[in-house]
Amino acid sequence: MAGASFEIGDGKGTSQALTTMFRLMGVDMEKLRALKFQALREKLLEARQKGFQFNRVDAIIGLTTPKGLVTANMTGIPHLNALEAEELTKAEIEGRRQVFEYLRFLRQSVPGFEQAGGSFGSCTGKGFEKRGGFMGNTCFRRMRS
């Protein structure tokens, strides 16, 4: 369909913010299950006021297997066009920066994440999924910051 017309986002060029998905290992699942969404949101708002550098406070943390592993959708990278290579590169860099900032916040402020470490790959985007994983997600690295 080369040459076909299309619209980006709302038709005016504004799209939903991009996100970088990441996984955290070593999470105390019992403490996580006791955590209420609103309490986490309040902690995120407070942390941002104290200088943590991240955009979103509406975190999504999903329990997965094996025990102690969670998937997080917390980052927010607005105002970039994922169809442009340069902007997607900016989003990838910013998403990774935010992942480390959220990890620092979670370890310091949220019970159950004190021993958490993480992994992420090139998965910034809008839900490009393939066979249960994110496309381009081939080189996971252990985060130790």
Which ³J(HN,Hα) values, rounded to whole Hz and listed in residue order, are derived for the range 59-75 from phi using the Karplus coefficients 6.51, -1.76 and 1.60 in 6.51 cos²θ - 1.76 cosθ + 1.60 with θ = phi - 60°, glycine and proline given as x? 5, 10, 10, x, 6, 9, 10, x, 4, x, 10, 10, 10, 10, 10, 10, 6
Between Arg97 and Glu42, what is 0.36 nm times their sequence separation minus the Cα-Cα distance? Round to one decimal in nm. 17.6 nm
Modelled FRET efficiency - R0 30 Å, Glu30 with Gln53, Cβ distances, 0.05 increments: 0.50
How big is the gap, in Å, between the Cα center of the range 1-53 and the Cα center of the range 67-116? 8 Å
Using a Förster distance of 41 Å, how high is the FRET efficiency between Asn73 and Phe6, based on the Cβ-Cβ distance and rounded to 0.05? 0.95
Using all C-alpha to C-alpha distances in the range 15-103, build P(r) with 10 Å bins and read off the rounded percent in each one. 16, 43, 31, 9, 0
Stokes-Einstein D for the range 1-66 (25 °C, 0.890 mPa s, Kirkwood Rh from Cα pairs), in µm²/s, comes to 159 µm²/s
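Each value in this text was obtained by applying a stated rule to the coordinates, not by laboratory testing. Keep in mind the model is a prediction, meaning the values are calculated, not measured. Methodologically, a virtual Cβ is constructed for each residue, glycine included, from the backbone with ideal geometry; neighbour enumeration extends over all protein chains shown.
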